[in-house]
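Report on the structure given below.
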Number of protein chains: 6
Amino acid sequence: MRILVVNPNTTAAMTDTIAAAAVKVAAEGTEIVATQSRDGPESIEGFLDGAVAIPGLLERIAEGERSGVDAHVIACFDDTGLDAARALAAAPVVGIGEAAYHLASFVADRFSVVTTMSRSIPVLEQNLQRYGLASRCVRVRATDVPVLELESAAASARKRISVEVAAALKEDRAEAIVLGCAGMAPLAASLSAEHGVPVVEGVSAAVKLAECLVALRLATSKVGGWAEPHPKARGARFDKLVADSAP
Amino acid sequence: MRILVVNPNTTAAMTDTIAAAAVKVAAEGTEIVATQSRDGPESIEGFLDGAVAIPGLLERIAEGERSGVDAHVIACFDDTGLDAARALAAAPVVGIGEAAYHLASFVADRFSVVTTMSRSIPVLEQNLQRYGLASRCVRVRATDVPVLELESAAASARKRISVEVAAALKEDRAEAIVLGCAGMAPLAASLSAEHGVPVVEGVSAAVKLAECLVALRLATSKVGGWAEPHPKARGARFDKLVADSAP
Amino acid sequence: MRILVVNPNTTAAMTDTIAAAAVKVAAEGTEIVATQSRDGPESIEGFLDGAVAIPGLLERIAEGERSGVDAHVIACFDDTGLDAARALAAAPVVGIGEAAYHLASFVADRFSVVTTMSRSIPVLEQNLQRYGLASRCVRVRATDVPVLELESAAASARKRISVEVAAALKEDRAEAIVLGCAGMAPLAASLSAEHGVPVVEGVSAAVKLAECLVALRLATSKVGGWAEPHPKARGARFDKLVADSAP
Amino acid sequence: MRILVVNPNTTAAMTDTIAAAAVKVAAEGTEIVATQSRDGPESIEGFLDGAVAIPGLLERIAEGERSGVDAHVIACFDDTGLDAARALAAAPVVGIGEAAYHLASFVADRFSVVTTMSRSIPVLEQNLQRYGLASRCVRVRATDVPVLELESAAASARKRISVEVAAALKEDRAEAIVLGCAGMAPLAASLSAEHGVPVVEGVSAAVKLAECLVALRLATSKVGGWAEPHPKARGARFDKLVADSAP
Amino acid sequence: MRILVVNPNTTAAMTDTIAAAAVKVAAEGTEIVATQSRDGPESIEGFLDGAVAIPGLLERIAEGERSGVDAHVIACFDDTGLDAARALAAAPVVGIGEAAYHLASFVADRFSVVTTMSRSIPVLEQNLQRYGLASRCVRVRATDVPVLELESAAASARKRISVEVAAALKEDRAEAIVLGCAGMAPLAASLSAEHGVPVVEGVSAAVKLAECLVALRLATSKVGGWAEPHPKARGARFDKLVADSAP
Amino acid sequence: MRILVVNPNTTAAMTDTIAAAAVKVAAEGTEIVATQSRDGPESIEGFLDGAVAIPGLLERIAEGERSGVDAHVIACFDDTGLDAARALAAAPVVGIGEAAYHLASFVADRFSVVTTMSRSIPVLEQNLQRYGLASRCVRVRATDVPVLELESAAASARKRISVEVAAALKEDRAEAIVLGCAGMAPLAASLSAEHGVPVVEGVSAAVKLAECLVALRLATSKVGGWAEPHPKARGARFDKLVADSAP
């Protein structure tokens, strides 16, 4: 099976990080197609970046549909554009945030999230509330490590993240940690070893869940809010992507 | 004071309907600047349309900021792009959906929403949950009248809406009705007279609430998820609009 | 339009404070009629005071109805007697607590309340839960400044309030502050300037919202719990006020 | 022990009904002191009646305190004035509504309430939400039998109530029924026999729970919202009752 | 009336403690039959112990049914096996955890629980959520005093519990304390005297509530999840106990 | 990897059905070890059967641990004994109910459950509430087809299930269906084809999720309620199984 993994920002180094995390856990027989938006923000930190990342992201999803991928992964922890992508695509779409929250729920009664910037906290809280898993998450914590510093200053970033993980275990009585940024994927194993609790990372979680859905032949329901697009004018760029994704 | 009212779709007739509803209730001394997106969907029905409407909408918000408007109204009942617009703008931003829900809460313990297409139901339910007002809304009901038929086939559309209002009063024990589409603005008064309950319409509600916020000098808090954009590359179109909206 | 603003305690100095806050924000053409209960508690601090304030309050609401005011404001942050007043009056009724919570929701994802006495905390929490806005309020904080000290010892009171505002911003990660007492109205602007976040005060919020409702011709729904009083004996004092408020 | 049972309306026949229900279940050694308000509404149907019943009710509670009763029961299903009575009294106070909901929770996972007038539905829903037991109550149903018809037209009233009980079992999948009016007390046993499920009635439930609290020496906590009244002027009538209830 | 009080662990000293607490509050005319499981864990600390305690517990409940007791009390604060026991028995069944939570709700708006081991916290939180009373409980606190130390090292255990009670009053603003273990029953009165708030203990609470239910002839509804067992093979031990409990 | 799939009832035909569903979706390299309890109920319908199934189930989990399986699946839709199994095992444990709910959340905003007997409804509702996914489930529906009829009278059972699926789509506006019994596994594909929506079945869902957790090296957190058993006497049968599962 082929899984498209879209990094909805434009930073190639981050796409590489994401691709590595995806490939590492993919089953034999799963081909990971990692890509990034052609245009949009260089990193996604907060509501505005998430909104402006949508056109570039949807374009990649549409191209993936046209090329016949079996599933799509949106590799931003905010699950940017997830509802729109599900409406656009026939193949299942998995956000790395939701993937991590759901899998954490199988190994911990209560988890905390450790993310990058404070301004992302309400984005994630809003998602958790919608998914229904807010009751499983004790707290969303920010390190105020900017997304791109995860690449450029990895050592100091890891240190600040580890401090916040420790605080979550002590103050929140969290039983597991969810890492709240695709760029944190390489840190999960070592943080888990260091702190002695499960540390869930979204890229790998989403790839495995996408494999599950494909194996079980479960695709997005088309009878509710994710129904196929009505034909209508949406402007040149979006008309093209709707056409691209048409069955 | 000047209030920018943005119709985030590209249908001029609908902008006219919205402008009329806004002007009708604006206080003396309030100037309504009604506009519409330069590009984007011709109507907003569901998650995909809402997502692809965002670039055109944010552009208008940014232009409004640059021109010094006192407040912004997003005239789509889905409150499309509301969080991103609040992060972008210094002036307060009001969505017509949230405006209607909040005002309905002052005149009814429980209300129902009557909207256009079924695929919009989860969009509105998600908003209600986030705003906290889901407990005040008994049910979101769809008429499956397409948005643009509100303009082109007004009489038959009104009839189907009235039938759904009656059902909401009887089956949901709703005490007021919220009309779930900007294009329904002209129907509020007559539906209220016909059914004997308050019928709240979002465009007029949002204009009055925007006037309130300006009069009380209440503007969007910048210490949380709606903080000012970090400087970063977001692609030409979005870099321009962030620059336009800079103070 | 004429808006009746009832201070449901018997302290004239507090009525003056309330009247000043109301007049300051009233639109041109809005006449503020500020009054206070003829009998009842000198200040409202907790459930008992709120209960015993009801007869005096409802009397003023009934007199307002008879005199044809366009809207009523209950100027106690506990929203004392709000449901009963809505059942009694045809004109819309706005509580200053609910007004402040709703307006705060347009400028902050999460707010904290800073009020007077600890015993009022459950009163406000109960209101927030009922209005649906408990999910938007991080915490209700008491300063243990008695209501009447806001008049008699304004400087020291302000200091303690400011300390609590700072704590709310730091510990609760609140994005805005709601001031939880009518007597705090004069402090809103300076606290907002000092702390750099929106500070919402209920009297001005309620006056503007009352203006909104009147402008939009939205009055209390009479098909649910706020239906017109059934004819029945209620004792001399209350029979008179029901008669006074009859259309 | 002595338990004061206050009917907060002024209809003596209803006090007799309530007294009979209370005496029937009281333990040996429990003295029931049944009384009614000196002034106030002849029946309590909705928010306004509940509010205007408060002075007469609190007066009786204060007299009970002065006379040294061991516990108080408020015999209106709306739990009118419960918070104020708890602040006033040192002895425990039990509302018949809350008593019925709590006991029903021991014999049914989910129950429905069958009450008198539709306008009381939001009063009861608000209480259920506050008590935390809204999740246990499937639906509050009104028969639109006026309270006083329970006395004057008992046979036809019982018939309509029985129809609604049947509907609750079938449509709500309720496992027990809570009768939502003190005046329905005589019907509980026969309705339970007829429908084969527990039927909980508040007066008897409250008397037994009051006995429990007294036996366990559990009295209202005075460290929160039910703390003892601060000394202050509250008007002649209320100053007297606060003085009466002082320890 | 006869009330069976089952200690679902196998420690006789703890059964004695429980029996003493039960007898102390039982009404004249109530016979307490205290017993313990024949096999199972020596103490119940966490999910595993709770699960393995079920066969021994249900056996005692079945024997109680056969012998015609009027009500059953499950004397483990986790309310171990409560749903199964209710399905098995015709007589009402009361768990000491639920009994304490419900009674605490009559004397405190918000309470905290002080229990033994940390691993029991999610057990109790799960119960509170299910009963609907999670909104009344501020926090479940563990002392990490093992259950059996309550017997063997009573003085030091009491000290640690008292420290946690003080923390609950200060940090949680709790208005009452619920003691989260049957073995803490002897401490309730002195802790209440020491801290000046109601301290609710489950064994006595459950006995009084069982008396209530019997007096009011309220027994478990048999139309939902607690319906009588279908005839089927369940293995020798369980077939016997189902047969024993058959009417 | 080896996954133990335990049918916690004693009906061998049902174990065969479960094994077939598991094997069908297992990845290459995954060995399914399907087994059933040695003793316990022949089918699990409601709280009592669930409780009495626990000893037999835990015994199989302990044997699985000793034999070094990589993950455990509890193949009863009630997720019987899930918490106790997680405390007992080091390897991850997945219930087929939770597996189905979580996967359904990726393909439907709202789903309904179609299960066997009415008495199981509260069991499943309680699980959904605890997992956090109650907000995603519109309704749990019973067909009142006994579990074992799924084997013995497959055709008529399927018909009744299909009728209920149709009702869920129409009345609940569900977007997907979750089949609420392990014995329904063979029906998922044909019901999905017939009704045009995703139909999620728990056995296959749990197997794939167990594979995910193993691939991602995510095992149950041991710092909360699922911590390793304390050493203590639990009776011969349970002492043995705790010993068996010790690392």
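Could you derive backbone 3J(HN,Hα) for the range E:151-164 from the dihedral phi with the Karplus parameters 6.51, -1.76 and 1.60 (θ = phi - 60°), listing whole Hz in sequence and x where the residue is Gly or Pro?
Calculated HN-Hα couplings, in order: 8, 7, 9, 4, 5, 5, 4, 4, 4, 5, 5, 5, 4, 6 Hz.
Treat each spin label as a single point 7 Å out from the Cα along the C-beta direction, and report the C:LYS24 to C:GLU194 distance in nm.
Distance between label points: 1.5 nm.
So for chain B, averaging the separation of alpha carbon pairs under 8 Å that are six or more residues apart and normalising by length, what relative contact order in percent results?
Details: 503 pairs, mean separation 59.1, N = 247.
Relative contact order, chain B: 24 percent.
Given the pairs D:LYS232/E:LYS170; A:LYS208/F:LYS24; A:LYS222/F:LYS24; D:LYS208/E:LYS24; B:LYS24/B:LYS208; A:LYS208/B:LYS232, which are separated by over 21 angstrom at their Cα positions?
Working: D:LYS232/E:LYS170 27 Å; A:LYS208/F:LYS24 18 Å; A:LYS222/F:LYS24 26 Å; D:LYS208/E:LYS24 18 Å; B:LYS24/B:LYS208 11 Å; A:LYS208/B:LYS232 32 Å.
The pairs that break the limit, which is 21 Å between Cα atoms, are D:LYS232/E:LYS170; A:LYS222/F:LYS24; A:LYS208/B:LYS232.
Give me the net charge of F:ALA99's neighbourhood, meaning all other residues with Cβ under 12 Å from the Cβ of F:ALA99; Lys, Arg count +1, Asp, Glu -1.
On the way: positive: F:LYS208; negative: F:ASP79, F:GLU98, F:GLU201, F:GLU211.
Charge balance in the 12 Å sphere: -3.
Enumerate the amide H contacts of B:VAL5 below 5 Å, restricted to partners 5 or more residues apart or on another chain; note that Pro and chain-start residues carry no placed amide H.
B:VAL33, B:ALA34, B:THR35, B:VAL73
State, to one decimal in nm and shortest first, how far the label point of E:ALA167 sits from each corresponding label point in the other identical copies (label point: 7 angstrom along Cα-to-Cβ).
Here the equivalent label points are 2.0, 2.0, 5.1, 5.2, 5.5 nm apart from this one.
7 Å along Cα→Cβ for the label point: how many nanometres lie between C:ALA13 and each equivalent label in the other copies, listed shortest first?
Computed spacing set for this position: 5.4, 6.4, 6.4, 6.4, 8.6 nm.
Of the candidates C:GLY50, C:GLY68, C:GLY180, which one comes out as most mobile in a Gaussian network treatment of chain C with C-alpha springs shorter than 10 Å?
Comparing C:GLY50, C:GLY68, C:GLY180 in a Gaussian network model of chain C, the most mobile one is C:GLY68.
Based on DSSP H runs of at least 4 residues, each adding -39500 (n - 2.57), what is the mean residue ellipticity at 222 nm of the protein assembly as shown after dividing by all its residues, to the nearest 500 deg cm²/dmol?
-14000 deg cm²/dmol
Hey, can you grab everything whose amide H is under 5 Å from the amide H of E:THR220? Only 5+ residues off in sequence or another chain; H modelled, so Pro and N-termini drop out.
Amide H to amide H, under 5 Å and 5 or more residues apart or across chains, E:THR220 pairs with E:VAL93.
In whole angstrom, note down how far apart the Cα centers of the range B:170-217 and the range C:89-167 are.
Using only Cα atoms to place each centre, the spacing works out to 27 Å.
Taking a label point 7 Å out from Cα toward Cβ, give me the nm distances from A:GLY68 to the same spot in the other copies, shortest first, one decimal.
4.2, 6.0, 7.9, 7.9, 9.3
Can you compute 3J(HN,Hα) from phi for each residue in the range D:48-59, using the Karplus curve 6.51 cos²θ - 1.76 cosθ + 1.60 with θ = phi - 60°, rounded to whole Hz and x for Gly and Pro?
Couplings: 5, 4, x, 5, 6, 7, 5, x, x, 5, 4, 4 Hz.
Using a 10 angstrom cutoff on alpha carbons, build the Gaussian network for chain E and name the most mobile of E:SER67, E:SER112, E:SER162.
E:SER67
Write down the Å³ per residue value for the convex hull defined by the alpha carbon atoms of the protein assembly as shown. It would help to have the intermediate numbers written out before the result.
Values: hull volume 228.2 nm³, N = 1482.
It comes to 154 Å³ per residue, whole-number rounded.
Give me the net charge for the shell around B:HIS230: Cβ to Cβ below 12 angstrom, other residues only, Lys and Arg +1, Asp and Glu -1.
Residues near B:HIS230 contribute -2 overall.
Residue-wise, which Karplus ³J(HN,Hα) couplings in Hz belong to the range E:92-104, taking 6.51 cos²θ - 1.76 cosθ + 1.60, θ = phi - 60°, and x for glycine or proline?
3J(HN,Hα) across the range E:92-104, in whole Hz: x, 10, 10, x, 6, x, 4, 4, 5, 4, 5, 5, 4.
So which residue, out of C:ALA90, C:ALA210, C:ALA227, gets the largest mean-square fluctuation from a GNM of chain C using Cα contacts under 10 Å as springs?
Evaluated over chain C, the most mobile residue of the options is C:ALA227.
If amide H atoms are built 1.01 Å from N in the plane of the peptide, which residues on other chains or at least 5 residues away come under 5 Å of the amide H of D:GLU175?
D:ARG110, D:PHE111, D:SER112
No lab work stands behind these numbers, since they all come straight from the coordinates. Everything numeric in this text was worked out from a predicted model, so none of it was measured. FYI the Cβ positions are ideal-geometry reconstructions off the backbone, even for glycines, and counts take in every protein chain you see.
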